[in-house]
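What follows is a single structure, written as structure tokens, with notes after it.
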Amino acid sequence: MFEAVLLTVITAATPLLIAAIGELVVERSGVLNLGVEGMMIMGAVVGFAAANMTGSGTLGILAAILAGIAMAALFGFLVLILVANQVATGLALTILGIGFSGLIGEAFIGVPGLKLPQLYIPGLSDIPFIGPVLFQQDAIVYISFLLVAIVAYTLFRTRLGLVLRAVGDNHGSAHALGYSVIRIRFLAVLFGGACAGLAGAYLSLAYTPQWVENMTAGRGWIALALVVFSSWLPLRVVVGAYLFGAVNVLNLHAQAVEFDIPSQFLSSLPYLATILVLVLISANRRLTLVNTPACLGKPFVPDR
Amino acid sequence: MRVELIKRKEQSRKMALLSPLIAIGLTALSAAIIFAISGHNPLLGLYKFFIEPLTQQWSLEATIDKATPLVLIACGLSVCYLSNNWNIGAEGQFIVGALFGSVLPIMFPDFETSATLPLMLVFGAVGGALWALIPAVLKTRFNTNEILTSLMLVYVASLILDYLVRGPWRDPGGYNFPESRLFSDAATLPDIFGGAMSLSTPITFLVAIILAIMLGKTMKGFEIRVMGESPRAGSFAGFSARRLTLFAFALAGALAGLAGTMEVSGALNQLLPTISPGYGFTAIIVAFLGRLNPIGIIVAGFVLALSYIGGEAVQSSLGVSNKIASVIQGLLLFYVLACDTLILYKIRIVSRRASSGEVSHV
């Protein structure tokens, strides 16, 4: 029983974790992309469609990542090249993504999907309890752990990470030092798109292997909240994502046990929890001000 | 090739008027491409989508019906966006307003007086305002990001609506369908001009005019614009950012709630599990296309409403999915935001070979 609960926590947490770690990198570079939900849903539909047509889960995942990148490129062009308002453009990306995914996905409603296989890590997967929970997952779950490790290391232990954070904290100085602020931000935005696309693929290829319209159900927005929750630190994103995974599972199991609580109330728990967490974090000024990228959301036009 | 932006000395008035038109043109071009890709004659598609609904009386009336809630919600949102308050939860405020407005006709169906309808409208506005004040208070009190909280409340609001119409508010004589009882005549918003339009349309028109005067001619309007463009200058003038946040959210919520009540009272006549085809989100596009100006918003609301009707038209006549409407709406917002760059900047395309010689100005 406990094993089963942990397994569902991991499946619920993985898409949030991947999308949030991508957005964390974007925000560390000083860009606020509110279009995570739109990139994620495009990843979900394109991933499902590609896997369905080619019969290959790997190709599905790749296609989803490309879809996320394409959406992010659109956002990057408007926000970084044309200096459009970041908040409004992010919203536009979400609205467009939801619309486009509905149009593309119409042919795939009710079509049986393809579920990513579980990969058994030899040796480790035989360990009792830990084995089935941690080492008998699908590829995307392993990738999510890998992503966190790579992002955490790159941000704080490499030159690239230092430059990225410099661009996010003070784009004027970074520009004066000769770094191309726009190019670095564009790459960060594309990375965020790739992550969001991958997170979408997880939803339609592993979480519920089918296409349902609006299947992201606000997860992109929750991922954005997780970045705030983490106060822009990668390891805290893991904590946040798994906490939310747990809330989600609480909801599922409570519905199965049939407590005398309306199901709609349980379904609203993740959203209410998000609000609560945001309030608790933002009320603590010290925590938020230390790590918030100082140039977050501010436009940059290089003067030549 | 490189794109360079050169800041204009002042905002270009010509471009401020032209940019929404360019955006609409580009959207139509994109729509034609989508029609062509899905194997239809692009010109016929464009005609069916954008022109034909304007040629028949019934579709023109349907367009005005759809434009009404969009304009009303977008008017409120424009006050939020002008003052830098990012309320994106109008959809939730619309729903909660509709719920508050439905309290009288559903829980007290025998209360049928001439005061019923005005009371419902007041309830609706209050409900929407209260719902909108949640993210506003969290922002002013705890510094919580209003974008995320206002959006999360949309999901909560639609779950509350779902619970009520399937639970306590389900019509006792309705064969277990998830819908409320029908509103009595006293609780129904009347049609005017011989049924050509609902009373909600002139009410919305009036609100837009009042708002245009408020924004353009009064101190409050000045305060809103100053605080949006330069909060520091505003605070020297003695304006309070906190009070303005509460005001902007409450106003936007009240108008969205009013729109919600008028929609259930005038168009649906009962509560259903879904009462809006995303008006609260489409209104964001309307607000930007209308350049955050109530008069512009009236025009923009009509354009966006046309996209709903056009979507249904191409579905029934050409067999194109009506999902194309939401794609076109999304593209339109993109183009609007991209074209707005032209107001503040000159765009210069520099070719890589000769960065000083061959330049073309736009």
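In degrees, nearest 10, range 0 to 90: what is the angle between the Cα axis of helix B:200-217 and the longest Cα principal axis of chain B? With rounding to tens, the tilt is 50 degrees. Shielding of peptide A:277-287 by partners, expressed as the average count of other chain Cβ atoms within 10 Å per residue Cβ, is 4.
Computed over the alpha carbons of the protein assembly as shown, Rg followed by Dmax gives 25.1, 80 Å.
For a quick check of your reading of the filter: which chymotrypsin sites (Phe, Trp or Tyr not before Pro) in the range B:180-214 sit in a DSSP loop and have no more than 11 other Cβ atoms within 10 Å? Working shown, then result.
Details: sites: B:F183, B:F193, B:F205; in loops: B:F183, B:F193.
Hits after loop and neighbour filter: B:F193.
Each stretch of four or more DSSP H residues adds -39500 (n - 2.57); spread over every residue of chain A, this sum gives -22500 deg cm²/dmol at 222 nm.
Decide, for the range A:201-267, between rounded, prolate and oblate: order the square roots of the alpha carbon gyration tensor eigenvalues as a ≥ b ≥ c, take rounded if a/c falls under 1.5, and otherwise choose prolate if a/b is larger than b/c, else oblate. Oblate, since a/c reaches 1.5 and b/c is not below a/b. Excluding residues on the same chain fewer than 8 positions from B:K48, give the lysines whose Cα lies under 30 Å from its Cα. Partners within reach: B:K66, B:K323.
For the range A:39-64 versus the range A:4-24, the inter-centroid distance based on Cα atoms is 19 Å.
What shape does the range B:66-310 have by the C-alpha gyration tensor, where a ≥ b ≥ c are the square roots of the eigenvalues, rounded means a/c under 1.5, and otherwise prolate means a/b greater than b/c and oblate the rest?
Verdict is prolate for the range B:66-310.
Projecting label points 7 angstrom from Cα along Cα→Cβ for B:E112 and B:I295 puts them 4.4 nm apart.
What is the distance in Å between the Cα centroid of the range A:119-134 and that of the range B:337-352? Here the two parts' Cα centres lie 56 Å apart. Global dimensions of the range A:119-250 from alpha-carbon coordinates: Rg and Dmax equal 17.7, 56 Å. Separation of the alpha carbons by more than 19 angstrom is noted, of B:K14/B:K217; A:K298/B:K7; B:K217/B:K346; B:K14/B:K346; A:K298/B:K9, for B:K14/B:K217; B:K217/B:K346; A:K298/B:K9. The equivalent ellipsoid of the range A:172-304 has semi-axes of 35, 20, 11 Å, largest first, where each one is the square root of 5 times an eigenvalue of the Cα gyration tensor. Sorted largest first, the spans of the alpha carbon positions of chain A along the three principal axes are 61, 45, 43 Å. Taking every DSSP helix (H) stretch of at least 4 residues in chain B, weighting each as -39,500 (n - 2.57) and dividing the sum by the residue count yields a mean residue ellipticity at 222 nm of -22500 deg cm²/dmol. Screening chain A for whole DSSP H helices with an alpha carbon extent of at least 24 angstrom along the helix axis and a mean Kyte-Doolittle hydropathy of at least -1.0 yields A:2-28, A:36-54, A:57-76, A:86-105, A:139-157, A:181-202, A:234-257.
Applying 0.36 nm per residue to the separation of A:L146 and A:H175 and subtracting their alpha-carbon distance, the gain on full extension is 7.3 nm. Inter-part distance, the range B:148-217 to the range B:71-129, computed on C-alpha centroids, equals 7 Å.
Read-outs: derived from the displayed coordinates by stated rules, not from any lab. The structure presented is a predicted model; accordingly, all values stated were derived computationally and were not measured. We place every Cβ from the backbone using ideal geometry, glycine too, and count neighbours over all the protein chains shown.
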